[in-house]
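Let me begin by presenting the structure, written as structure tokens, before commenting on it.
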């Protein structure tokens, strides 16, 4: 009896949170999927219209702009954050002095919310009060940096802020991977006369494939659901220059009274995230099975 009770206690304790997750996460995902196939406007309704909202969605210029912006932002954000994170991790892996302090400095931005990051970078990049104004006060009157006000360049200011926030986290992931490499393999390569650069390029970095994959999944997920950083920095502007799928979804659902279209954009974002996460989980499960 006591053994049976011990078996049931964890299940009883976890049951409320499990039920809450089922209802408030998966339940609302299913409900959003249903709304995406209804003629919902300001309020939900049950007028089923099939895939009409999805057809309408991909015919909207604003949605296509958001997808292009996501492609630009996501590509630069993932690539530069990964390269910079790996570079910083390799530097810290050289057993430099004050490593703990430096690691904390680079990790700190990730502890800040994206809203705070966005507001700080908005002030920094604002021509009237930020970098440009400061340079003018220092006597460099010809200095000009108005990217955040330029519809062609504003998306790159979002990239800069996102890289600043995430590169330290990626660095920590890569540093953990570097420290997990078997030292015996490295020593054997050194005995064979391999240089430090060659060891990293031919041995260490190829062995860190799972870390690269994990970093890619995390950064892709953050890129797809980017909302707070964009809202805090540019609000999607100038015009639609920094519109992203997440800001599009919020705008059409809650301010344009097109809940069905907004729900369909949310489902498309979910499909994007699943298309990254599911292959990753499959590869992890398969790798675990191979190790056994």
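The values are calculated or read from the model by the stated rules, or taken from the named source; none is laboratory data. Quick caveat, the model's predicted, so the values are computed rather than measured. Positions of Cβ are generated from backbone atoms using ideal geometry, with glycine treated the same way; all protein chains shown enter the neighbour counts.
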field: Candidates 34, 63 - the one that is part of a helix (DSSP H, G or I), over 26 Å from the mean Cα position of the chain (by Cα) and more than 30 Å from residue 168 (Cβ to Cβ)
entry: 34
field: Residue list for segment 104-126, filter: outside any helix (DSSP H, G or I) and over 19 Å from residue 222 (Cα atoms)
entry: 126
field: Filter result (in a helix (DSSP H, G or I) and out of contact with any helix residue (DSSP H, G or I) (no Cβ under 6 Å at 6 or more places or on another chain)) within segment 132-153
entry: 132, 133, 134, 135, 136, 137, 149
- line: Exception for residue 235 within (1) in a loop (DSSP other than H, G, I, E, B); (2) in contact with a helix residue (DSSP H, G or I) (Cβ under 7 Å, 6 or more places away or on another chain) falls at (2)
query: Which residue, of 210, 206, is out of contact with any helix residue (DSSP H, G or I) (no Cβ under 9 Å at 6 or more places or on another chain), more than 23 Å from residue 30 (Cα to Cα), at pLDDT 85 or above and in a helix (DSSP H, G or I)?
result: 206
message: For the condition free of Cβ contacts under 8 Å to residues at least 24 places away in the same chain and surrounded by 15 or more Cβ atoms within 10 Å (Cβ to Cβ), what is the one hit in 123, 147, 138?
response: 147
message: Can you find a residue that is outside any helix (DSSP H, G or I), at pLDDT 90 or above and either under 22 Å from the mean Cα position of the chain (by Cα) or over 30 Å from residue 247 (Cα atoms) (or both) anywhere in segment 163-172?
response: no
statement: Checked segment 181-202 for anything crowded, with 16+ Cβ neighbours inside 10 Å and either touching a residue at least 40 places away in the same chain (Cβ under 8 Å) or under 24 Å from residue 171 (Cα atoms) (or both); matches are 181, 186, 199, 200
